1. Antiparallel versus total DSSP beta bridges in chain B: what percent is that, nearest 5?
2. Restricting to chain A, what percent of DSSP beta bridges are antiparallel, rounded to 5?
3. Please build a GNM for chain A, connecting alpha carbons under 10 Å apart, and tell me which residue among A:Leu201, A:Leu38, A:Leu23 fluctuates the most.
4. What is segment B:8-218's relative contact order, in percent, from Cα pairs under 8 angstrom and six or more apart in sequence?
5. Given a cut-off of 28 Å, what percent of all Cα-Cα pairs of chain A lie beyond it?
6. Return the loop-located GluC sites (Glu not before Pro) in segment B:182-221 (DSSP other than H, G, I, E, B) with at most 10 other Cβ atoms within 10 Å of their own Cβ; answer none if there are none.
7. With just the Cα atoms defining each centre, how far is segment A:11-75 from segment A:84-140? Give it in Å.
8. Let me have the relative contact order for chain A, percent, based on Cα pairs under 8 Å that are six or more residues apart.
Amino acid sequence: MINKTFDSIDDAVADIADGSTILFGGFGGAGVAYESILALYRQGAKNIIGVSNNPGYEHEGIAKLILHDRLSKLMCSFPNNKQSYVFIEKYNQGKIDLELIPQGTFAERIRAGGAGIEAFFTPTGVGTEVAIGKEEREINGVTCILEKAIRGDYAFVKAKKADRWGNLVYNKSGRNFNPVMAMAGKITIAEVDEIVEIGELDPETIVTPGIFVQRIVKRSGL
Amino acid sequence: MEKRKLTREQIAQRIARDLQTGDIVNIGIGIPVLVSNYVASDAEIIYHSEQGVLGMGKKAKPGEEDPDLVNASKEPVTLVPGGSYSHSADSFAMARGKHIDVAILGGMQVSEKGDLANWKVKGVKLGSIGGAMDIAIGAKKIFIAMTHTSKSGEIKIVNQLDYPVTALHCVNRIYTDLAVIDVTRDGLILKEIAPGFTIEEVQEVTEPKLIKAEDLKVIEV
């Protein structure tokens, strides 16, 4: 029987090594795998390269990892926000590196990583500071820059429901980066509100097919 | 006529008149957020929000908030009947893939050629791009809503940007407290002017030479 369910979130993150690249789903506070992040904090891995649209607010989410110097680098579209003061302070102290990425390019680089596409040309960022050092080419009359795929050793995604095969459905805009990150993580850990029986999820509405998910944990809600 | 600069609300109101039923519209923060307040309720304008909401409704009332349903400023919102959710890559496919009719964005500087700067102040180390660059190059039309000059009186419509660029050659129309200006291949066309102001007065706070529209009008407020 296939069963990707872990009873404990601590077990699900136990093998994450120092220096891993981790994709963290979520837009602001929507669709963030908070319990997985806390488990990673307890686990203690260091020098993590974090891929997350936001750097976490106050001391929540990955802000807690950043506060304790667990991330050596963040790939991100929206680092500068009043509530993201933990990241801003660490960045200004030179304790964390930043790769600033336009949000659509960020999503597409991750999607490409999951889809086996090594790079793509996009018009986003042409003539801006994000184009510095990137190959520029005119294609079909449009000036584009070359952007490379992003993959994770792990992906932490948050979904509403899963079955034991790892099929996922999401809640509203909590979906955001989670489906593409699930595709691009070598080991994708899905933190879900509910685990249902096989066959219970309508196959027409499954957003992430289980092929992209390796581990499932039900949130404790604590 | 009494000289009257437009308020932020009046700029939003003026922009709302240029939206048509069926338009799919992306709205940035600042003055753009106010635009939806002035759209007729039966107009069926569909609002796209970058985090994967098509058909975004009003802000959620107390008690109906869902932390998983937020706008681009991370505030709780609602979904209208007919609305849908998508993941971020599809949401930006809508933007980059020219599926969005109009994006209404704030501006720090706009150049004569329609180059836009709106993501980071000059000389600052850290800024947030978010969806600004993708949306600016992707929407079919870009409307900029901003004050004509900065609080300290700096000119914002310039020959060449000296703020960090968001996107090149992307702006179609600029709405300010003094004027409505179209960006064209021939240059900046002054289409409408705030009540009581002269062309010379608007030109004084606009670096590139303005071309007077044949049908130049006073902005109706």
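What follows draws every value from the coordinates through simple rules; no lab data is involved. Predicted model only: the values in this text are computed from it and were never measured. Methodologically, a virtual Cβ is constructed for each residue, glycine included, from the backbone with ideal geometry; neighbour enumeration extends over all protein chains shown.
1. Within chain B, antiparallel bridges account for around 50 percent of the total.
2. Just about 30 percent of them are antiparallel.
3. A:Leu201
4. 17
5. Considering chain A, 29 percent of its Cα-Cα pairs are separated by more than 28 Å.
6. Sparse-neighbourhood loop GluC sites (Glu not before Pro): B:Glu220.
7. Rounded to whole Å, the Cα centres lie 19 Å apart.
8. The value is 22 percent.
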